[in-house]
Amino acid sequence: GENVEQHPSTLSVQEGDSAVIKCTYSDSASNYFPWYKQELGKGPQLIIDIRSNVGEKKDQRIAVTLNKTAKHFSLHITETQPEDSAVYFCAAEGTYKYIFGTGTRLKVLA
Amino acid sequence: DVKVTQSSRYLVKRTGEKVFLECVQDMDHENMFWYRQDPGLGLRLIYFSYDVKMKEKGDIPEGYSVSREKKERFSLILESASTNQTSMYLCASSSGTLEQYFGPGTRLTVT
């Protein structure tokens, strides 16, 4: 069945360093890959997304890369700040729905 | 500004009670979703609806039912709450296959 694996489950970085979260998906028909950030006490919020006709997308300090052949995509956060501390979820488009990864808890240490 | 609201932020119920979780969106979205979120398991889809009165089972529908009588409202029903249904419940809505907008969540405790 459809599946998305996400690694690592927890990640601690020093403020100013980069963070990378990786996901692999199983459904080769998936064409849309969003990333969500969930802060404490809030629902997940979309931070960046990528479609399969694009290999990389960047928005200020965050970027996402996609390798459709290998069926994996990654989130890159540069110059991390304390406010980047949150849980991050990747997802892959399914039929009428998303398949979510299990989440990565990112801690940025001041 | 887009908005998905959930009827309660925190809820405590007893085993065997019937529980209703309500979700309302103001974006005229066709699609609505109910997820539960548990540590280490991520977001798991319970049910979704792509139109009024339509519903589809997600990955973990057992013990739950849903109702969508109006486009803006999607209700999750626990017919007889059990302790293993203690969780965070998240509602979301979307138009087509675009971005899903999430509500703030309801933390349900069943004792």
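The values are calculated or read from the model by the stated rules, or taken from the named source; none is laboratory data. Computed from a prediction, not measured in an experiment: that's the story for all the values here. Reconstructed Cβ throughout: ideal geometry from the backbone, glycine too, with neighbour counts over all protein chains shown.
Key figures for this structure:
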| quantity | calculated |
| --- | --- |
| Any chance B:TYR35 is part of a strand (DSSP E or B), modelled with pLDDT of 95 or more and within 17 Å of A:TYR36 (Cβ to Cβ) | yes |
| Qualifying residues in region A:25-45 (those that are among the polar types (S, T, N, Q) and more than 8 Å from chain B (Cβ to nearest Cβ)) - the one farthest from the chain's Cα centre (by Cα) | A:SER28 |
| Considering residues of region A:72-110 that are over 14 Å from the mean Cα position of the chain (by Cα) and not in a loop (DSSP other than H, G, I, E, B) only, the residue surrounded by the most Cβ atoms within 10 Å (Cβ to Cβ) | A:VAL108 |
| Test: residue in region A:61-71 that is facing chain B (nearest Cβ under 9 Å), surrounded by 13 or more Cβ atoms within 10 Å (Cβ to Cβ) and either in contact with a strand residue (DSSP E or B) (Cβ under 7 Å, 6 or more places away or on another chain) or assigned to a strand (DSSP E or B) (or both) | no |
| Positions within region B:74-100 being under 12 Å from B:GLU30 (Cα atoms) and surrounded by 15 or more Cβ atoms within 10 Å (Cβ to Cβ), in sequence order | B:PHE74, B:ALA92, B:SER93, B:SER94, B:THR97, B:GLN100 |
| Selected residue (criterion: farthest from B:LEU43 (Cα to Cα)) from residues of region B:95-111 that are in a strand (DSSP E or B) and more than 9 Å from every other protein chain (Cβ to nearest Cβ) | B:VAL110 |
| The lone exception for B:GLU30 - which of (1) of a type in the set (D, E, K, R); (2) in contact (Cβ under 8 Å) with a residue 60 or more places away in the chain; (3) closer than 25 Å to B:THR111 by Cβ; (4) within 14 Å of chain A (Cβ to nearest Cβ) it fails | (3) |
| Single match in B:TYR47, B:TYR64 (criterion: more than 14 Å from chain A (Cβ to nearest Cβ) and surrounded by 20 or more Cβ atoms within 10 Å (Cβ to Cβ)) | B:TYR64 |
